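**Q** Before I ask anything, let me first share the structure, which is written out below as structure tokens.
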Amino acid sequence: MTPIEKVLRPRLGERLVAPVDAGYATARLVWNAAVDARPAVIARCRDAAEVAVVVRAARAAGLPLSVRGGGHDWAGRAVRDGGVVVDLSDMRGVTVDAAAGEAVVRGGVTTGELLAAARPFGLAAATGVEQGVGMVGFTTGGGYGPLIGRCGLGADNLLSAEVVLADGSTVVAGPEGDDELWWALRGGGGNFGVVTSMRLKLHPVPIVLAGMLLFPFAEAATVLSGYSDIVAEAPDALTVMTGFFPGPHGPSVFVCPVWCGPDMAAGERHIARLRALGHPFVDQVGPMPVAAAVGMFAGNAVPGNHYLLRSAWVPDLRGAAGEALASGAATASSVSSVLFVSRLHGAASRVEPAATAFAHRRPHQVIEVIAVWAPGDPAPGRHRDWADATAATLAEVALPGAYPNQVGPHEDARARESFAGNLGRLLEAKRKYDPGDVFSAIPGLL
Ligand SMILES: Cc1cc2nc3c(=O)[nH]c(=O)nc-3n(C[C@H](O)[C@H](O)[C@H](O)COP(=O)(O)OP(=O)(O)OC[C@H]3O[C@@H](n4cnc5c(N)ncnc54)[C@H](O)[C@@H]3O)c2cc1C
């Protein structure tokens with residue numbers, strides 16, 4: 001038994017998973033099967049007290065620490081070679097206070113679980129577009145999603161959080177608690193401690209009008225430029241994602257509107273304008289619960305595939321940005337590689353840049369170049385080459401920085417640029433709450 005096992009085994013029993021244990025092979029897996037880290041131990045914690053024990057033990061042993069929520073970080077920062085994983089997979093559970101319009105979620109709760117718990121009350125949360133994504137990773141890193149125009153970023157909906165800090169102490173970050181930590185957690189990601197629970201705002205959105213419109217690739221230029229015109233003046237209730245699915249018969253452009261306002265007829269009118277951008281050969285737009293809208297991209301994010309992501313912020317998709325996307329789609333490295341574009345606007349853009357750590361509040365588009373390949377692909381390098389080449393073309397029109405939840409592990413300078421005028425305050429918070437850089441989720445903060 002290794003020294004760290006000797007310390008933690010008596011406390012966690014079978015919930016401590018080491019390389020010799022039967023469950024190790026699956027416990028170390030994350031969503032992206034290209035991640036192949038072999039942690040020293042995986043500690044499946046049950047509550048904040050256990051998290052504190054594990055954090056203290058890892059520090060005493062001088063081992064690197066990582067935190068696993070939903071396991072959906074593309075770069076696999078939830079697991080580290082030779083490290084101690086604070087695994088929150090067993091810390092599930094959502095409590096909805098419908099009258100207050102709030103929910104308390106435990107540290108390992110996923111998007112799908114929160115939406116399912118809120119739905120019977122006609123409520124929804126600001127989430128992203130994938131059911132399996134962990135709510136803490138999503139929220140603390142920023143959090144773009146289909147309700148962003150009306151409800152803001154995920155981070156804008158964080159009311160308070162219980163956090164185990166690097167010294168093993170537990171604090172509550174919020175307007176009535178530790179408000180500097182609360183500021184840092186809203187965009188600064190998992191750089192400050194282990195969030196064992198969060199209180200989140202919920203919104204009365206029982207149903208949305210949403211779905212996929214697919215246009216022929218030949219119409220890409222007109223669809224993207226018309227898309228840019230429509231979203232530039234879109235009301236808060238309308239958020240539209242777009243991008244390219246390569247597919248076995250060549251690429252197609254997708255436009256995926258989500259209308260979350262109460263007036264469905266108004267939503268229909270906006271969506272009719274999007275339909276008229278070209279000749280859609282698939283039109284699946286209709287009323288559905290938020291959870292169904294969130295599940296629309298599930299087929300493109302299957303666990304077990306290998307993924308590599310490059311990300312950029314651009315002001316809009318007119319001209320060179322749209323051309324770079326179309327050329328990326330035309331040369332995609334596999335029939336599963338995707339170009340996905342989401343948008344920050346509305347409520348999220350009206351938050352003062354200095355009000356939370358998430359600094360980039362002007363309306364903009366987030367572009368994800370997502371290379372996808374099957375395990376065992378004989379030439380995986382071509383997928384990286386494609387993503388890098390597409391990202392290099394986009395870099396010519398991109399804004400400084402990128403969505404902090406998506407910058408690569410070695411992009412320190414870029415990660416820092418993302419925080420713009422908030423960087424100094426964020427570094428101060430880092431020095432205050434985690435001076436030893438025990439939690440180093442987003443690179444470059446120390
Ligand atoms: C298929 C897919 C779809 C996505 N869609 C969206 C989207 O629509 N919008 C969007 O904004 N983002 C999206 N993302 C990005 C996602 O929000 C981030 O990768 C997020 O960090 C994932 O959180 P997780 O808990 O699932 O990941 P994990 O890999 O478990 O954790 C990633 C990091 O988050 C931190 N973390 C997680 N939980 C905790 C905790 N309880 N306490 C402290 N730190 C914690 C840790 O630093 C950890 O290393 C998507 C990712 C994928 C793979």
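**Q** Just to be sure, is ALA126 within 9 Å of the ligand (Cβ to nearest atom), surrounded by 24 or more Cβ atoms within 10 Å (Cβ to Cβ) and either outside the structural domain of ARG343 (by TED's automatic domain parsing) or assigned to a strand (DSSP E or B) (or both)?
**A** no
**Q** At least 2 residues that are farther than 19 Å from ARG150 by Cα and touching a residue at least 24 places away in the same chain (Cβ under 8 Å) in each: list the strands (runs of 3 or more DSSP E) lying fully within the stretch 200-274 that qualify.
**A** The strands (runs of 3 or more DSSP E) meeting that bar are 213-216, 238-245, 252-259.
**Q** To continue, here is another question. Of the conditions (1) buried (at least 19 other Cβ atoms within 10 Å of the Cβ); (2) out of contact with any Ser or Thr (no Cβ under 6 Å at 6 or more places or on another chain); (3) assigned to a loop (DSSP other than H, G, I, E, B), MET1 fails just one. Which one is it?
**A** With (1) buried (at least 19 other Cβ atoms within 10 Å of the Cβ); (2) out of contact with any Ser or Thr (no Cβ under 6 Å at 6 or more places or on another chain); (3) assigned to a loop (DSSP other than H, G, I, E, B) applied to MET1, the lone miss is (1).
**Q** Residue check: is LEU427 surrounded by fewer than 18 Cβ atoms within 10 Å (Cβ to Cβ), farther than 27 Å from PRO64 by Cβ and not acidic (Asp, Glu)?
**A** no
**Q** When the stretch 385-406 is examined, which residues are found to be closer than 16 Å to TYR307 by Cα, touching a helix residue (DSSP H, G or I) at 6+ places or on another chain (Cβ under 6 Å) and more than 15 Å from the ligand (Cβ to nearest atom)?
**A** Once the filter is applied, which keeps residues that are closer than 16 Å to TYR307 by Cα, touching a helix residue (DSSP H, G or I) at 6+ places or on another chain (Cβ under 6 Å) and more than 15 Å from the ligand (Cβ to nearest atom), the stretch 385-406 yields only THR390.
**Q** Then there's this: What number of residues within the stretch 91-114 are farther than 17 Å from LEU159 by Cα, surrounded by 24 or more Cβ atoms within 10 Å (Cβ to Cβ) and more than 12 Å from the ligand (Cβ to nearest atom)?
**A** Residues in the stretch 91-114 being farther than 17 Å from LEU159 by Cα, surrounded by 24 or more Cβ atoms within 10 Å (Cβ to Cβ) and more than 12 Å from the ligand (Cβ to nearest atom): 0 in total.
**Q** Would the stretch 185-195 turn up any residue that is among the polar types (S, T, N, Q) and not in a loop (DSSP other than H, G, I, E, B)?
**A** Scanning the stretch 185-195 turns up no residue that is among the polar types (S, T, N, Q) and not in a loop (DSSP other than H, G, I, E, B).
**Q** List the number of the failed condition for SER66; all other conditions in (1) within 28 Å of VAL205 (Cβ to Cβ); (2) out of contact with any Leu (no Cβ under 8 Å at 6 or more places or on another chain); (3) within 16 Å of the ligand (Cβ to nearest atom) hold.
**A** SER66 satisfies every listed condition except (1).
**Q** Let me ask something else. Give ALA312, ALA291, ALA357 a once-over and let me know the one that is touching a strand residue (DSSP E or B) at 6+ places or on another chain (Cβ under 9 Å), within 16 Å of the ligand (Cβ to nearest atom) and not in a helix (DSSP H, G or I).
**A** Testing whether each residue is touching a strand residue (DSSP E or B) at 6+ places or on another chain (Cβ under 9 Å), within 16 Å of the ligand (Cβ to nearest atom) and not in a helix (DSSP H, G or I) leaves just ALA312.
**Q** Shifting gears a bit: Within the stretch 229-250, work out how many residues are more than 25 Å from THR127 (Cβ to Cβ) and surrounded by fewer than 22 Cβ atoms within 10 Å (Cβ to Cβ).
**A** Here the count works out to 6.
The values are calculated or read from the model by the stated rules, or taken from the named source; none is laboratory data. Source: prediction; values computed, not measured. Neighbour counts are summed over all protein chains in view; Cβ atoms, including those assigned to glycine, are modelled from backbone coordinates with ideal geometry.
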